Amino acid sequence: MGVTKEQVESSLTSKLNPAHLEVIDTSGGCGASFTIEVVSEKFEGKRLLERHRVVNAALEEEMKQIHALSIKKALTPEQWKQQQESEKPEPAA
Amino acid sequence: MWSVGAFNSITITPPSASFVVNKVPINTPTSLRLHYFCRPLRPLRSFSLSNHSSFGPQLSYKRTFSFRCSAALTPELKNTLDKVVTSHKVVLFMKGTRDFPQCGFSNTVVQILKSLNVPFETINILENELLRQGLKEYSSWPTFPQLYVEGEFFGGCDITVEAYKTGELQELLEKAMCS
């Protein structure tokens with residue numbers, strides 16, 4: 001039982017068309033626990049709770065077997081760009 | 001043939017429940033898992049069953065049944081939950097109790113709430129399977145913990161952590177305590 005990282009990725013990719021997606025299987029093999037980071041235009045204008053609901057809905061089938069889904073990042077492409085820029089060291093003048 | 005449970009008396013007969021090898025009848029070691037999402041004396045609403053044996057390719061048998069219909073949330077349960085989430089300003093549905101959380105995510109939220117010094121009520125969803133399933137529908141949220149503030153679903157662990165980091169949670173709880 002359980003689902004694979006690939007299944008989670010493919011569902012999220014087809015439903016959210018993400019600009020960035022990272023899925024980490026944290027279950028230690030049983031496929032019931034994942035950590036994800038996802039960047040999608042579908043999050044535009046949505047609060048964090050609503051964004052998580054979007055992800056949960058996209059994974060509705062998988063959630064029947066997943067016990068722990070940790071959504072570390074659910075950002076819009078704009079926020080993602082900003083975050084990446086702020087993490088980059090300032091280029092020397 | 002397996003008969004499971006004193007209630008509802010479900011009988012499952014896998015095609016190869018028993019068979020003969022070298023004229024010796026062998027009972028298939030059948031692993032049987034039944035998950036009841038409802039309590040005894042209620043109509044069976046959802047269960048999954050996996051059943052397999054490993055006696056070589058032609059005898060190997062694996063089948064998974066899964067029936068699911070969204071009916072764990074009865075009108076009575078919905079009514080009860082409406083009352084529960086509004087009976088206290090902060091209600092946390094969690095795995096385990098505040099002093100003995102049985103899940104890392106639940107524990108995280110308990111620690112956050114404790115650190116913020118707000119009174120909160122916890123409900124252990126591991127004690128009641130019907131409640132557990134019903135709440136998933138009630139909140140439209142598939143996992144636990146689930147945090148309610150002033151009768152409104154606030155979020156799960158990730159959202160609570162995020163809101164705690166940004167200060168949004170403190171703000172919301174302060175408002176809730178003053179209201």
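The values are calculated or read from the model by the stated rules, or taken from the named source; none is laboratory data. The structure presented is a predicted model; accordingly, all values stated were derived computationally and were not measured. Cβ placement follows ideal geometry from the backbone for every residue including glycine, while neighbour counts extend to all protein chains displayed. Surface areas here come from the heavy atoms of the whole protein model, side chains and all, with no ligands, DNA or RNA. Shrake-Rupley method; radii C 1.70, N 1.55, O 1.52, S 1.80 Å.
For labels at A:Ala19 and A:Gln82 in the simple 7 Å Cα→Cβ model, what's the distance in nm?
Rounded to a tenth, the inter-label distance reads 1.2 nm.
Just subtract the alpha-carbon distance of B:Glu152 and B:Asp82 from 0.36 nm times their residue separation and send over the number in nm, one decimal.
Values: separation 70, 0.36 × 70 = 25.20 nm, distance 0.98 nm.
Stretched out fully, the B:Glu152 to B:Asp82 stretch lengthens by 24.2 nm.
Taking A:Lys72 as the anchor, which lysines have their alpha carbon closer than 25 Å to its alpha carbon, excluding any fewer than eight residues away along the same chain?
Cross-link targets: A:Lys5, A:Lys15, A:Lys42, A:Lys46, A:Lys64, A:Lys81, A:Lys88, B:Lys95, B:Lys114, B:Lys136, B:Lys165.
So which residue, out of A:Ala68, A:Ala58, A:Ala32, gets the largest mean-square fluctuation from a GNM of chain A using Cα contacts under 10 Å as springs?
Judging by the Gaussian network model, the answer is A:Ala68.
Can you give the accessible area buried between chains B and A, summed over both chains, with a 1.4 Å probe, in Å² to the nearest 100? Don't skip to the answer; put the middle values down first.
Numbers: alone 10670 and 6030 Å², together 15470 Å².
Summing both sides, the interface buries roughly 1200 Å².
To the nearest whole number, what is the average tally of beta carbon atoms from other chains within 10 Å of the beta carbons of peptide B:139-147?
On the way: counts 1, 3, 4, 11, 7, 2, 0, 0, 0.
Per residue, the average neighbour count from other chains is 3.
Mind checking the per residue accessible area of chain A for me, 1.4 Å probe, whole number of Å²?
About 58 Å² of surface per residue is accessible.
Given 0.36 nm per residue, what is the gain on full extension from B:Ala71 to B:Glu174 after removing their alpha carbon distance, in nm? Don't jump to the answer; show the numbers that get you there.
Working: separation 103, 0.36 × 103 = 37.08 nm, distance 3.62 nm.
Extra length available between B:Ala71 and B:Glu174 comes to 33.5 nm.
Just to confirm a number: summing +1 for Lys and Arg and -1 for Asp and Glu over residues other than A:Ala32 whose beta-carbon lies under 11 angstrom from that of A:Ala32, what do you get? Please report the intermediate quantities before stating the final value.
Working: positive: A:Lys64; negative: A:Asp25, A:Glu62.
Neighbourhood net charge equals -1.
Full-extension gain between B:Asp99 and B:Lys165, please, as 0.36 nm times their residue separation minus the C-alpha to C-alpha distance.
Values: separation 66, 0.36 × 66 = 23.76 nm, distance 2.33 nm.
The span from B:Asp99 to B:Lys165 would gain 21.4 nm if fully extended.
Evaluate the distance, in nm, between pseudo-label points positioned 7 Å from the Cα of A:Lys72 and of A:Glu41 along their respective Cα→Cβ axes.
In this crude spin-label approximation the distance works out to 2.6 nm.
Specify the inter-centroid distance of the range B:145-177 and the range A:7-73, based on alpha-carbon positions, in whole Å.
Centre-to-centre distance over Cα atoms comes out at 21 Å.
Calculate the mean, over all residues of peptide B:155-164, of how many other protein chain Cβ atoms lie within 10 angstrom of the residue's Cβ. Mind showing how you got there, number by number?
Details: counts 5, 7, 4, 9, 7, 0, 2, 6, 2, 0.
Going residue by residue through B:155-164 and averaging, the value is 4.
Under 19 Å Cα to Cα from B:Lys78, which aspartates and glutamates show up? Leave out anything in the same chain fewer than 8 places away.
List returned: B:Glu121, B:Glu127, B:Glu129, B:Glu137, B:Glu150, B:Glu152.
Average partner chain C-beta neighbours within 10 Å, per residue of A:26-37? Mind showing how you got there, number by number?
On the way: counts 0, 0, 0, 0, 0, 0, 0, 0, 0, 1, 0, 0.
Across A:26-37, the average partner-chain Cβ count within 10 Å equals 0.
When Lys and Arg each count +1 and Asp and Glu each count -1, what net charge do the other residues less than 10 Å away from B:Ile125, Cβ to Cβ, add up to? Before the final figure, lay out the partial values.
Numbers: positive: B:Lys95, B:Arg132, B:Lys136; negative: B:Glu127, B:Glu129.
Here the count lands on +1.
Go through the range A:33-93 and name the GluC sites (Glu not before Pro) that are in a DSSP coil and have 15 or fewer other Cβ atoms within 10 Å of their Cβ. Numbers along the way, then the final one.
On the way: sites: A:Glu37, A:Glu41, A:Glu44, A:Glu50, A:Glu60, A:Glu61, A:Glu62, A:Glu78, A:Glu85, A:Glu87; in loops: A:Glu44.
Passing sites in the range A:33-93 are A:Glu44.
On a 0 to 90 degree scale, rounded to 10, what angle separates helix A:48-58 from the longest Cα axis of chain A?
Taking the Cα atoms of chain A, the angle to A:48-58 is about 40 degrees.
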